[in-house]
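*Asks:* Attaching a single structure in structure tokens format; questions to follow.
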Amino acid sequence: MKTIKLIVLIIVVILLVIIIIQNREPVKTHFLLATVEMPQILLLLITAAAGFVVGLMVALLSGRKPATSAKPEQPRAE
């Protein structure tokens with residue numbers, strides 16, 4: 001199982017390096033009234049981080065509680 005995790009990790013790292021190498025050129029990004037020029041990979045990372053934070057906030061604010069194992073009540077000895 002550890003070797004499978006290691007192989008998957010290596011593949012993900014290689015794919016990330018390929019993405020970084022291919023997306024180094026600067027792009028202009030418009031946000032409200034500001035225009036910023038940044039490397040495309042930085043824009044991708046910021047967008048992914050923002051999506052992660054939004055997903056995390058939705059999960060935390062949804063109010064669902066984790067399932068608990070219900071134990072059957074034992075009859076009282078009288």
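*Asks:* Across segment 54-78, what is the number of residues that are of a type in the set (A, V, I, L, M), modelled with pLDDT of 65 or more and loosely packed, with under 10 Cβ neighbours inside 10 Å?
*Replies:* Taking segment 54-78 first, the residues of a type in the set (A, V, I, L, M) are 54, 56-61, 67, 70, 77.
If we keep only those that are modelled with pLDDT of 65 or more as well, we get 54, 56-61, 77.
From what's left, loosely packed, with under 10 Cβ neighbours inside 10 Å: 58-61, 77.
So the count comes out to 5.
*Asks:* Does any residue in segment 12-24 that is of a type outside the set (G, A, S) come within less than 8 Å, Cβ to Cβ, of a residue that is assigned to a helix (DSSP H, G or I) six or more places away or on a different chain, and which pairs are these?
*Replies:* Here the result reads I19/I41; I19/L44; I20/I41; N23/Q40; N23/I41; N23/L44; R24/Q40; R24/I41, each pair linking segment 12-24 to a residue that is assigned to a helix (DSSP H, G or I).
*Asks:* Follow-up. Looking at segment 5-48 only, could you name the residues that are of a type in the set (G, A, S) and over 22 Å from the mean Cα position of the chain (by Cα)? Can you show your working first?
*Replies:* Quick first cut of segment 5-48, residues of a type in the set (G, A, S) only: 34, 48.
Listed by number, the list holds a single entry, A34.
*Asks:* If you scan segment 1-39, which residues turn out to be part of a helix (DSSP H, G or I), among the polar types (S, T, N, Q) and out of contact with any helix residue (DSSP H, G or I) (no Cβ under 9 Å at 6 or more places or on another chain)? Show your work before the answer.
*Replies:* First, the residues of segment 1-39 that are part of a helix (DSSP H, G or I): 2-22.
Within this subset, residues satisfying the condition of being among the polar types (S, T, N, Q) are 3, 22.
Within segment 1-39, T3 is the sole residue that qualifies.
The values are calculated or read from the model by the stated rules, or taken from the named source; none is laboratory data. If you're wondering where the values come from, they're calculated on a predicted model, not measured in any experiment. Counting neighbours? That spans all protein chains shown, and the Cβs are built from the backbone with ideal geometry, glycine included.
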